[in-house]
Amino acid sequence: MTTLAPVSGRRRTVDRVSRGLTLALTVVAVLPLIFIIYYLIKEGIGAWSGDFFTTDPTGRFLGDPGGIKSAIVGTILMVALASAIAIPFGIGVALYLVEYGKGGRFANLVRYFVDVMTGVPSVVFGLFVYIVLVVTKIGGTFAGWKGSVALALLMLPVVTRTSEVVLNLVPDSLREAALALGAPRWRVVFRIVLPTALPGLVTGSLLAIARAAGETAPLLFTAAFVFGTQFDLSQRMNSLPLQIFNDVSQAQDRLVQRAWGAALTLVALVLLLSLAARLVQRRSRLA
Amino acid sequence: MEAGTLRARGGPAIGDRSSRSRALDPLLRWVLTGLAALILLLIGFFFVRLFIEAKPAFDKFGYIGFVFDNNWDVSKEIFGAWPLVVGTLITSAIALVIGVPVAIATALYISELCPRGARQPLTILIELLAAVPSVVYGLWGIIVLAPKLHGVEQWLSDTFSFLPLVGGPVSIPNCFVAGLIMAIMILPIVSAISREVMATVPAQDKEAALALGATRWEMIRIAVLPYSRSGISGAAMLGLGRAIGETIAVTIVIGNAPNVPDSIFSQGYTLAAVIANEFNEAASDPTHRAALIAAGLVLFVLTLIINAIARYYVNRASRGNKRTVPTGMAG
């Protein structure tokens with residue numbers, strides 16, 4: 001009869017120290033989030049005065065800098081158009097990959113390039129749209145819809161990858177049951193696969209929208225910048241990220257304060273979208 | 001209704017076999033295939049257009065010259081991107097050195113050590129870091145973080161001046177702060193992928209280690225880490241790809257000085273930052289514009305290579321024990 005040797009003191013210490021270290025580093029990882037939210041609220045709430053959301057930036061360096069109305073309108077319009085392009089496109093590609101391409105060579109190539117697109121820096125997408133649409137002066141130089149195209153390119157891989165994962169979760173037995181009843185493939189896709197995967201598709205789309213809403217670099221060269229509120233997507237457009245970027249580079253307290261206010265607005269918007277994405281995900285019957 | 005026909009509410013029979021219905025099948029197939037092919041075309045077009053537009057800069061300075069010449073002088077129209085390349089490398093290195101260990105520690109803590117109830121909230125908190133827009137990191141970095149860190153950085157700079165690239169005066173916008181911000185920004189993705197990879201470690205391996213009397217940490221060291229090493233390397237590479245391409249936050253906090261930095265605490269510039277920062281003045285100057293697009297192309301190629309390597313590692317790590325992917329419909 002042998003007895004188990006007790007764990008030696010040294011090993012116990014190493015265990016405790018290492019586990020403590022991982023905990024400490026996890027706390028360190030979360031700290032920036034807490035600090036950022038703290039400062040956003042502390043500095044940003046002050047800027048949220050009565051006419052902050054209802055006036056346009058005045059463009060004055062000194063004196064009343066104005067609000068962020070044009071930035072909010074621009075962000076919403078451009079992101080909406082970008083979503084209208086990227087979400088159907090992305091879900092379509094995902095449908096191809098899951099329903100038709102499967103593990104084929106072409107599908108794998110497409111999948112690989114979608115991954116590649118995920119890694120392309122957003123500034124490069126901006127440059128690309130600048131070269132193709134702005135330099136060539138298609139419908140004027142800078143325009144809101146060109147910003148939307150750049151954002152759509154950015155959203156496309158996110159939508160495709162998340163949709164692919166969800167579509168893969170739709171049980172084959174559902175598809176087979178419908179096919180066995182004599183349904184054509186397109187009907188299986190639209191009546192069985194898409195409705196089953198809907199909550200997941202919405203989640204992926206919302207995450208892509210949240211990502212696009214916060215992007216600055218692609219808009220810099222495509223939608224440019226303007227002070228006034230613009231509802232016409234063929235004109236230059238302001239946006240929240242660009243407004244923040246412009247204000248933060250000014251050594252002027254009131255402009256920096258507007259940057260905090262705009263940043264708080266933007267983060268609130270993005271966090272709401274992310275939260276909505278999580279709630280929808282929770283309602284999903286898949287996974 | 002005939003017997004044996006299944007009808008959805010109000011719609012035609014599911015098994016409708018009219019010629020119109022049959023014609024839609026190949027149509028859907030070709031539309032979806034077309035969309036998929038469009039992605040490939042888009043990326044090909046992307047690359048070719050960037051290359052054509054960047055060509056004047058490469059013609060003038062040479063491919064090697066553009067990347068390795070240490071002279072970025074807008075007023076003299078000389079564009080050698082070496083200071084930007086060095087700035088990109090230094091800041092990304094700082095981001096990796098700080099960000100990756102923290103990310104791995106969080107992944108280990110969340111997937112192996114923390115109480116079950118804390119798992120979900122911690123995961124969400126880490127993911128929220130990824131939801132904060134780049135420009136907000138920049139704003140926070142330059143207004144709050146950089147001034148607050150100045151004293152600490154000066155102390156680090158004086159104490160560790162024997163190391164290369166450390167020492168001398170500390171400027172308020174600098175490469176170190178840029179790297180630190182990047183570290184925060186890459187943390188969520190590195191952590192998420194590491195966690196995914198750690199989740200594929202077979203339970204038998206872990207249980208075997210524990211059954212042999214290993215402590216929790218020894219179990220991590222002998223079962224979890226070796227098994228997920230390749231995946232974690234891939235995650236770090238993906239983080240590197242993100243860091244290299246990070247633009248706006250870096251533009252705001254790095255100082256945008258087109259010189260090879262003397263130390264990590266002096267101002268610098270990166271390939272991505274130069275594009276965002278000099279774009280406006282370059283719009284009217286073809287050579288300058290071509291140089292910026294060339295910088296974008298270098299960035300593009302760099303991230304392509306890094307991501308390709310990263311994908312290889314991550315896929316190798318999760319192959320075999322990944323969730324079984326349904327094969328889709330037959331035929």
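The values are calculated or read from the model by the stated rules, or taken from the named source; none is laboratory data. Small disclaimer: the values here were computed from a predicted structure and weren't measured. FYI the Cβ positions are ideal-geometry reconstructions off the backbone, even for glycines, and counts take in every protein chain you see.
Per-structure values
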{"quantity": "Selected residue (criterion: nearest to A:LEU220 (Cα to Cα)) from residues of region B:125-158 that are in contact with a helix residue (DSSP H, G or I) (Cβ under 7 Å, 6 or more places away or on another chain) and hydroxyl-bearing (Ser, Thr, Tyr)", "calculated": "B:SER134"}
{"quantity": "Positions within region A:141-170 being more than 10 Å from chain B (Cβ to nearest Cβ), over 17 Å from the mean Cα position of the chain (by Cα) and either without any contact (Cβ under 8 Å) to a residue 24 or more places away in the chain or assigned to a helix (DSSP H, G or I) (or both), in sequence order", "calculated": "A:GLY144, A:TRP145, A:LYS146, A:VAL166"}
{"quantity": "Listing of helices (runs of 4 or more DSSP H) fully contained in region B:48-145 that carry 1 or more residues being within 13 Å of chain A (Cβ to nearest Cβ), among the basic types (Lys, Arg) and closer than 22 Å to B:LEU225 by Cβ", "calculated": "B:116-131"}
{"quantity": "A:ALA268 surrounded by 21 or more Cβ atoms within 10 Å (Cβ to Cβ), within 12 Å of another protein chain (Cβ to nearest Cβ) and of a type outside the set (Val, Ile, Thr)", "calculated": "no"}
{"quantity": "Among the candidates A:LEU194, A:LEU219, A:LEU198, residue that is in a helix (DSSP H, G or I), more than 8 Å from chain B (Cβ to nearest Cβ) and in contact with a Gly (Cβ under 6 Å, 6 or more places away or on another chain)", "calculated": "A:LEU219"}
{"quantity": "B:GLY87 surrounded by fewer than 15 Cβ atoms within 10 Å (Cβ to Cβ), within 29 Å of the chain's Cα centre (by Cα), farther than 13 Å from B:ALA294 by Cβ and at pLDDT 85 or above", "calculated": "no"}
{"quantity": "Residue count, region A:83-140 (criterion: within 7 Å of another protein chain (Cβ to nearest Cβ), part of a helix (DSSP H, G or I) and among the β-branched types (Val, Ile, Thr))", "calculated": "9"}
{"quantity": "Where A:ALA210 falls short, out of the listed (1) of a type in the set (Gly, Ala, Ser); (2) more than 19 Å from A:GLY67 (Cβ to Cβ); (3) more than 10 Å from chain B (Cβ to nearest Cβ); (4) surrounded by 22 or more Cβ atoms within 10 Å (Cβ to Cβ)", "calculated": "(3)"}
{"quantity": "A:VAL280 within 10 Å of chain B (Cβ to nearest Cβ) and among the β-branched types (Val, Ile, Thr)", "calculated": "no"}
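Rundown of residues vs (1) touching a Cys at 6+ places or on another chain (Cβ under 6 Å); (2) at pLDDT below 90; (3) facing chain A (nearest Cβ under 7 Å), yes/no style:
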{"residue": "B:LEU6", "(1), (2), (3)": "no, yes, yes"}
{"residue": "B:PRO12", "(1), (2), (3)": "no, yes, no"}
{"residue": "B:SER18", "(1), (2), (3)": "no, yes, no"}
{"residue": "B:ALA23", "(1), (2), (3)": "no, yes, no"}
{"residue": "B:GLY34", "(1), (2), (3)": "no, no, no"}
{"residue": "B:ALA37", "(1), (2), (3)": "no, no, no"}
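Residue by residue, here is whether (1) within 28 Å of the chain's Cα centre (by Cα); (2) at the interface with chain B (Cβ under 8 Å from one of its Cβ atoms); (3) surrounded by fewer than 16 Cβ atoms within 10 Å (Cβ to Cβ); (4) under 26 Å from B:SER191 (Cα atoms) holds:
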{"position": "A:ASP15", "(1), (2), (3), (4)": "no, yes, no, yes"}
{"position": "A:LEU21", "(1), (2), (3), (4)": "no, yes, yes, yes"}
{"position": "A:ALA47", "(1), (2), (3), (4)": "yes, no, no, no"}
{"position": "A:LEU62", "(1), (2), (3), (4)": "no, no, yes, no"}
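Table: residues versus (1) in contact with a Phe, Trp or Tyr (Cβ under 6 Å, 6 or more places away or on another chain); (2) part of a loop (DSSP other than H, G, I, E, B); (3) among the basic types (Lys, Arg).
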{"position": "A:VAL202", "(1), (2), (3)": "no, no, no"}
{"position": "A:MET237", "(1), (2), (3)": "no, yes, no"}
{"position": "A:SER274", "(1), (2), (3)": "no, no, no"}
{"position": "A:ARG282", "(1), (2), (3)": "no, no, yes"}
